[in-house]
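Working notes, beginning with the structure itself.
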Amino acid sequence: MDGFRWDYADKTETPNFDRLVKEGVHAASIVPSYPSKTFPNHYSMATGLYPDNHGIVQNNFYDPELKRAFTIGNRDAVGDSVFWGGEPIWETAEKQGVKTASYFWVGTESNADYSPSMRKMYEHDFPFSNRIDSVISWLYLPKKERPHLTLFYFHEPDGVGHRFGPDSPEIIQMVSELDQYLGDFLNKLDKAEKDLGIEINFILTSDHGMGAIPAENNIILSEIIDPTRMKRVHGGNPVYLISPDDDYEQEFYSLLNANPHLSVWKKSDLPEHYRYGTNPRIEEFIVEANSGWGLSFSGRKKGYSAGTHGYDPQNTDMHGIFYAIGPAFKTGYSHESFENVNLYSLIAEILGLDAAPTDGAFENIRYMLTEKE
Ligand code: AMP
Ligand code: ZN
Ligand code: ZN
C-alpha cells in the first residue's frame with residue numbers, strides 16, 4: 001500500500017490490521033531507502049539493494065552513458081531492462097523454477113530475460129476490488145501454473161496523503177477503506193487455503209510514509225538560483241538532483257547553502273546513512289527541503305501538495321508499515337524497525353531460494369520467522 005505511514009492504522013478502527021498484529025508479526029516500522037520515493041523503494045524491496053546500487057535513483061533521472069532519460073510515466077523507459085540493475089526477487093525465483101506473478105509491481109514491466117510468469121501492466125484507475133479478484137484467481141490456476149510468489153500493489157493511501165496531507169480526515173477515511181479491502185482479501189486467502197489445501201504467507205508493507213507541508217512552507221528554486229544556468233534538473237518535491245553549468249557550481253552551492261529551509265550537498269558529500277551518491281545517474285548536487293517544507297523548481301505546476309515524501313530515511317514520517325502472517329511467521333510477535341533492503345532475503349528464505357548478494361541480510365529479520373524443525 002503506497003505511502004502507508006507507520007502510524008496510520010492507529011488513526012481509526014482497523015479490525016483487519018489488528019488481526020495481522022494479533023495473529024502474526026508487526027514491525028515498529030519499515031525504513032525506506034534514500035530517496036524515499038516510490039520507484040527507488042519498490043525496487044529496493046524487490047532487489048535488496050539501495051537505489052545507488054540498483055540504479056533507479058529517483059522517479060526520474062538521466063543516464064549519461066545511455067544518454068537517455070527515465071521517467072515513471074514513460075512506458076518505453078519503464079519497460080527497458082537497461083535501466084533496471086540488480087537481481088529482483090522474481091528473477092531469482094523464476095531462474096530457480098519458481099513461478100511468480102505481479103499485479104503492478106514497479107520493475108516487473110521490464111523486458112528483462114526473467115520476468116514474472118504472469119503480470120499486469122500498470123493501469124492507475126483499475127478498481128482495487130478487481131485487482132483483489134485477479135490476484136485470488138491466480139491461486140486457483142492449475143497447480144503447474146499457480147504462482148508461488150505474488151507481488152501486489154495499491155497506489156493508496158499515497159494519493160490522498162499528497163492531496164490532503166497525512167493529518168487530514170481524508171486520510172482517516174482512506175485508511176478505513178483500505179482496512180475493508182484488507183479484510184476482504186484476507187477472507188479470500190483463507191478460503192483459497194481451504195479450497196486448495198495450500199498454506200499462504202502474506203506480507204503487507206509500504207514503500208515510505210508521508211510528511212505534512214503547511215501551505216506557506218514552499219521553496220521555489222528558480223527564485224533562488226539562475227534557472228538558465230542548469231545542465232540538468234531531475235527529481236521532484238522535496239528532492240532535486242541538479243547539475244548546474246560548470247562555471248556556476250560555486251555560486252549555485254553558496255546561494256542554496258544560505259537558505260535555512262533546505263540542504264544542498266555535492267553527491268560525494270552526502271550523509272553516510274543515505275547510502276547514496278556513487279551512481280553516475282545521480283547529478284552533481286542533491287537539493288533537499290527540510291522536513292515540513294515543500295520544494296519545486298519553477299513554481300507549483302501541479303498545485304499545492306499538503307504532503308510529500310522523499311526526505312531522509314531517519315525522518316520517522318518517512319517510515320512505512322510491515323505486517324506478516326502465515327505459517328512462516330511467529331504469532332503476536334513485535335519486531336523492531338528494519339530497513340526495506342532486508343525484504344529480499346526474507347522472501348528468498350521463505351521460498352527456499354538461493355539468494356543473490358544484497359545490501360540487507362537475513363540475520364536482520366530472522367527472529368520474526370518460526371523455527372524450522
Ligand atoms: P510518488 O508518490 O511520486 O513517489 O509516486 C507514486 C505514483 O507512482 C503513484 O501514484 C502511481 O500512480 C505511480 N506508479 C506506481 N507504480 C507504477 C508503475 N508500475 N508504472 C507507472 N506509475 C506507477
Ligand atoms: Zn510511494
Ligand atoms: Zn507519493
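Bear in mind these aren't lab numbers, they're just calculated from the coordinates by the rules spelled out. In this text, all values refer to a predicted model and were calculated from it rather than measured experimentally. Because the Cβ atoms are built from the backbone with ideal geometry, glycine has one as well, and the counts that use them run over all protein chains shown.
A few points about this structure:
- Debye-sum result for segment 159-235 in log10 I(q)/I(0), which assumes one identical scatterer on each alpha carbon, at q = 0.26 Å⁻¹: -1.20
- For segment 227-333, applying the loop criterion from DSSP together with a ceiling of 14 other beta carbons within 10 Å to the trypsin sites (Lys or Arg not before Pro) yields R300, K301, K302.
- Label-point gap, in nm, between T228 and Q250 - each point 7 angstrom along Cα→Cβ: 2.2
- Amide H contacts of G307 (H built 1.01 Å from N, in plane; Pro and chain starts excluded): G165, I213 sit under 5 Å, all sequence-distant by 5 or more or on other chains.
- Averaged over residues, the count of other Cβ atoms within 10 Å places the peptides 173-186, 310-323, 354-367 in the sequence 310-323, 173-186, 354-367, highest first.
- Charged-residue dipole, Cβ positions (Lys, Arg, Asp, Glu), the chain about Cα centre, Debye nearest 20: 780
- Three-way shape call for segment 89-153 based on the alpha-carbon gyration tensor, with the a/c threshold at 1.5: oblate
- Rounded to 0.05, the FRET efficiency of the A28 and T71 pair, given R0 = 30 Å and the Cβ-Cβ distance, is 0.30.
- The coefficient of translational diffusion for the chain, derived via Stokes-Einstein from the alpha carbon Kirkwood radius under 25 °C and 0.890 mPa s, stands at 115 µm²/s.
- With a Förster radius of 35 Å applied to the C-beta separation of E177 and M121, the computed FRET efficiency comes to 0.90.
- Lysines with Cα under 17 Å of K95, excluding same-chain neighbours fewer than 8 positions away: K144
- Taking max minus min of the alpha-carbon positions on each principal axis, segment 252-338 gives extents of 55, 33, 24 Å, largest first.
- Of K11/K188; K67/K266; K194/K372; K120/K231; K191/K330; K22/K191, pairs whose Cα-Cα distance is over 30 Å: K120/K231
- Note: relative contact order over segment 218-304, using C-alpha pairs below 8 Å and six or more positions apart, is 41 percent.
- In Hz, Karplus ³J(HN,Hα) per residue of segment 29-46 (6.51, -1.76, 1.60; θ = phi - 60°; x = Gly, Pro): 5, 10, 9, x, 8, 8, x, 6, 10, 5, 5, x, 7, 4, 7, 5, 4, 6
- Backbone geometry of segment 49-61 corresponds, through the Karplus equation with coefficients 6.51, -1.76 and 1.60 at θ = phi - 60°, to 3J(HN,Hα) couplings of 10, 5, x, 3, 9, 9, x, 8, 7, 6, 5, 8, 6 Hz, x marking Gly and Pro.
- Relative contact order (percent, whole number), segment 1-159, Cα cutoff 8 Å, 6+ residue spacing: 23
- Cα centroid of segment 236-294 to Cα centroid of segment 147-190, whole Å: 33
- Taking each residue as 0.36 nm, the span from F128 to E145 lengthens on full extension beyond its C-alpha to C-alpha distance by 3.8 nm.
- Dipole magnitude (debye, nearest 20) for segment 225-343, charges at Cβ of Lys, Arg, Asp, Glu: 540
- Dipole of segment 1-44 computed with +1 at Lys/Arg Cβ and -1 at Asp/Glu Cβ about the Cα centre; of Y43, T14, A28, farthest Cα towards the positive end is Y43.
- With a simple spin-label model that places each label point 7 Å from the Cα along the Cα-to-Cβ direction, the separation between H273 and T370 comes to 3.5 nm.
- Placed amide H near Y50: partners under 5 Å, 5+ positions off or other chain: D359
- Angle of helix 128-139 to the longest C-alpha principal axis of the chain, folded into 0 to 90 degrees and rounded to 10: 50°.
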